[in-house]
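The values are calculated or read from the model by the stated rules, or taken from the named source; none is laboratory data. The structure presented is a predicted model; accordingly, all values stated were derived computationally and were not measured. FYI the Cβ positions are ideal-geometry reconstructions off the backbone, even for glycines, and counts take in every protein chain you see. Note: areas computed on protein heavy atoms with side chains; ligands, DNA, RNA excluded. Shrake-Rupley method; radii C 1.70, N 1.55, O 1.52, S 1.80 Å.
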Amino acid sequence: MFKTRKEIVFVILAGIFITNAVVAELIGGKLIQIGPFVMSIGILPWPIVFLTTDLINEYFGEKGVKKLSFITACLIAYAFLILFMAIVIPAAKGISPVNDEQFEAVFGQSMWIIFGSIIAFMVSQLIDVSVFWFFRKRTGHKKIWLRTTGSTVISQLFDSFIVLGIAFWLPGKIDFDTFISSGLIGYTFKLAIAILLTPAIYLGHHLIKKYLENDPVKE
């Protein structure tokens, strides 16, 4: 293990990717308001997921991103299973600083949210990698901004509305107008952050490329 620098890079990127994806799903049940608009706070870690997805795409290919996405989806489901067990097991009365009601209020995600989160994640990731390689095959190593931003523009349109639709609109937690406005504001936020992250993507490419230049040949 870890005989090459490329393996180390993959482990680091995969760790960042998985951590931010799982955290985003865990905090996604909280809605915040920006002016007249409402959106899930779970969108905050997603820019980092965009960044690592693009870097993994670039250096480890389409199969690398797809495999990591499936693994992450399974880990998200596992995290919710552990949370469900933690909710079911009663807190120690008079001892636990957090009682059952408080714990469930924070982590008591419904099955709609679990299902919606995983479906939205997988759909958006598969779309993202497909669009990324559509542009990559036509531009080669040039126009990094086009394939990174282009893939995000399309994939996150689906992600923003799928998770809100399944987790909040279908169960009747929000009305249709709130669903549309929340999806649009969330999508706009993700898109704006993705554009702002373009310099970071170029920096990431530069640092990884420089780090891998003297990568020893794996025996």
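In whole angstrom, note down how far apart the Cα centers of the stretch 61-104 and the stretch 141-219 are.
24 Å
In Å³ and rounded to a whole number, note down the convex hull volume per residue for the Cα atoms of the chain. If you can, show how the numbers build up before the last one.
Details: hull volume 32.3 nm³, N = 219.
Spelled out: Cα convex hull of the chain, divided by residues, is 147 Å³.
Of the heavy-atom accessible surface of the chain (probe 1.4 angstrom), what whole percent is carbon and sulfur? Provide the component values of the computation, followed by the final result.
Details: 8570 of 12000 Å².
Ligands and nucleic acids excluded, carbon and sulfur reach 71 percent.
If amide hydrogens are placed 1.01 Å from N in the peptide plane, which non-local residues have theirs closer than 5 Å to the one on V38?
Long-range HN contacts for V38: S182.
Apply 1/(1 + (r/R0)^6) to the Cβ-Cβ distance of F134 and I82, taking R0 = 30 Å, and write down the FRET efficiency to the nearest 0.05. All intermediate terms of the calculation are to be shown ahead of the outcome.
On the way: r = 37 Å, r/R0 = 1.24.
Result of the calculation: an efficiency of 0.20.
What distance in nm separates the simple spin-label points at F70 and T198, each placed 7 Å from Cα in the Cβ direction?
With each label placed 7 Å out from Cα toward Cβ, I get 3.4 nm.
Between D100 and L31, what FRET efficiency comes out of the Förster formula 1/(1 + (r/R0)^6) with R0 = 25 Å and r the beta carbon distance, rounded to 0.05?
Details: r = 23 Å, r/R0 = 0.92.
The formula returns an efficiency of 0.65 here.
Could you name the lysines whose alpha carbon sits less than 27 Å from that of K67, not counting residues in the same chain fewer than 8 places away?
K3, K6, K137, K142, K143, K190, K209, K210, K218
Suppose the chain between L212 and I180 were pulled fully straight at 0.36 nm per residue; how much longer would it get relative to their current alpha carbon spacing? Please list the in-between numbers first.
Details: separation 32, 0.36 × 32 = 11.52 nm, distance 4.44 nm.
Roughly 7.1 nm would be gained on extension.
What is the packing order of peptides 38-49, 57-68, 83-94, 195-206, taking the mean over residues of other C-beta atoms within 10 Å and listing the highest first?
Put in order of decreasing packing, that is 38-49, 57-68, 195-206, 83-94.
Give the aspartates and glutamates whose C-alpha is closer than 14 Å to that of K63, dropping any in the same chain fewer than 8 places away, or say none.
D54, D128
How much area per residue is accessible in the chain when the probe is 1.4 Å and only protein heavy atoms are counted (Å²)? All intermediate terms of the calculation are to be shown ahead of the outcome.
On the way: 12000 Å² over 219 residues.
Counting only protein heavy atoms, the per-residue value for the chain is 55 Å².
Ratio of Rg to Rh for the stretch 129-185, alpha carbon only, Kirkwood?
Values: Rg = 15.4 Å, Rh = 12.7 Å.
Taking Rg over the Kirkwood Rh, I get 1.21.
Under 8 Å for C-alpha pairs, at least 6 residues apart: give me the relative contact order for the chain, rounded to a whole percent. All intermediate terms of the calculation are to be shown ahead of the outcome.
Details: 234 pairs, mean separation 56.2, N = 219.
RCO, the chain: 26 percent.
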